[in-house]
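All remarks here apply to the structure that follows.
The values are calculated or read from the model by the stated rules, or taken from the named source; none is laboratory data. What you see is a predicted model, and the numbers here were worked out from it, not measured in a lab. Reconstructed Cβ throughout: ideal geometry from the backbone, glycine too, with neighbour counts over all protein chains shown. The accessibility values were calculated without ligands, DNA or RNA, using every heavy atom of the protein model including side chains. Shrake-Rupley method; radii C 1.70, N 1.55, O 1.52, S 1.80 Å.
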Amino acid sequence: MQGIIEKEQIEYLDSLRIEPDDLLKEMEKYAKENLVPIIHWNAAEFLEQMITIHKPENVLELGTAIGYSAIRAARVFTEKAHLDTVEICEASFKMAIANIEKAGLQNKITIHYGNAHEVLPAIDKEYDFIFLDADKKDYIELFKLSLTKLKVGGVIFVDNLLWKGRVAITDTEKRYKASTACVKEFNPLFIAEETLNSSIFPVGDGVGIGIKIK
């Protein structure tokens, strides 16, 4: 299986990467060894750039995992910015709390434990920036729910939309057929959503950017 870009290009980009600090290296190592899905470092840098440019004050993340993307995002926040992040897995939730405390960002990040379908309606807040990186089977429902929480002019950032290149091929491994089908169903809906100006970029594992226009 080829990735989104060729192996040589990936290695070249890797060679240009500025080495992350000890906490991020530790989290990346843990995620790799324990098969925890976190955003690719290249897409994380894209996320950081988007936040730096947009300067959101209220940010929502759906899918905390071990807190990797939440920490990276919060590190480039303006002084007034705050992140609400939702995680359904108890083990990941506890680990995310520990990592966020190690990063000294507990005052910038609030972690909500539970099902996002139930947690989100209980949060009485609108957001300028939403990051969707949850279970692929929930993407469509969470996307629709997210749009009700996104301000006009706000940005929604969606990860894994090329799904290791699987969305562009027909012969997908059996264990990835269901998740690939979910992403394939999601992508045209994301692009066609009339309330957004949407694009998909071949960064990391495929990143969707939507700006709410109405």
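Observations
- Dipole in debye (nearest 20) - the chain, about Cα centre, beta carbon charges: Lys, Arg +1; Asp, Glu -1: 300 debye
- The residues Leu35, Leu196, Leu13, sorted by heavy-atom accessible surface at 1.4 Å with ligands and nucleic acids left out, run Leu35, Leu13, Leu196 from largest to smallest.
- Kirkwood-based Rg to Rh ratio, segment 107-155, C-alpha trace: 0.94
- Residue ranking by accessible heavy-atom surface, 1.4 Å probe, largest first, among Met50, Met95, Met27 comes out as Met95, Met50, Met27.
- Per residue solvent-accessible surface (Å²) - segment 1-93, probe of 1.4 Å: 57 Å²
- Under 14 Å, Cβ to Cβ, from Lys164 - net charge with Lys/Arg +1 and Asp/Glu -1: +1
- Accessible-area composition of segment 1-70, carbon plus sulfur, in percent [1.4 Å probe]: 55 percent
- Unit charges at the beta carbon, dipole of the chain: most positive-side option, Ala168, Thr52, Tyr12: Ala168
- For the pair segment 102-172 and segment 32-64, the centres of their Cα atoms are 10 angstrom apart.
- Ligands, DNA and RNA left out, the 1.4 Å accessible surface of segment 103-214 is 54% carbon and sulfur atoms.
- Partner lysines for Lys212 [C-alpha distance under 17 Å; skip if fewer than 8 residues away on the same chain]: Lys55, Lys125, Lys144, Lys149, Lys151
- Among (i) 19.9; (ii) 17.6; (iii) 18.1, the entry derived from the coordinates for Kirkwood radius over Cα pairs in Å: (ii)
- Between Glu57 and Ile140, the simple label model (points 7 Å from Cα in the Cβ direction) yields a spacing of 3.6 nm.
- Where trypsin sites (Lys or Arg not before Pro) fall in DSSP loop in segment 98-190, at most 14 other Cβ within 10 Å: Lys125
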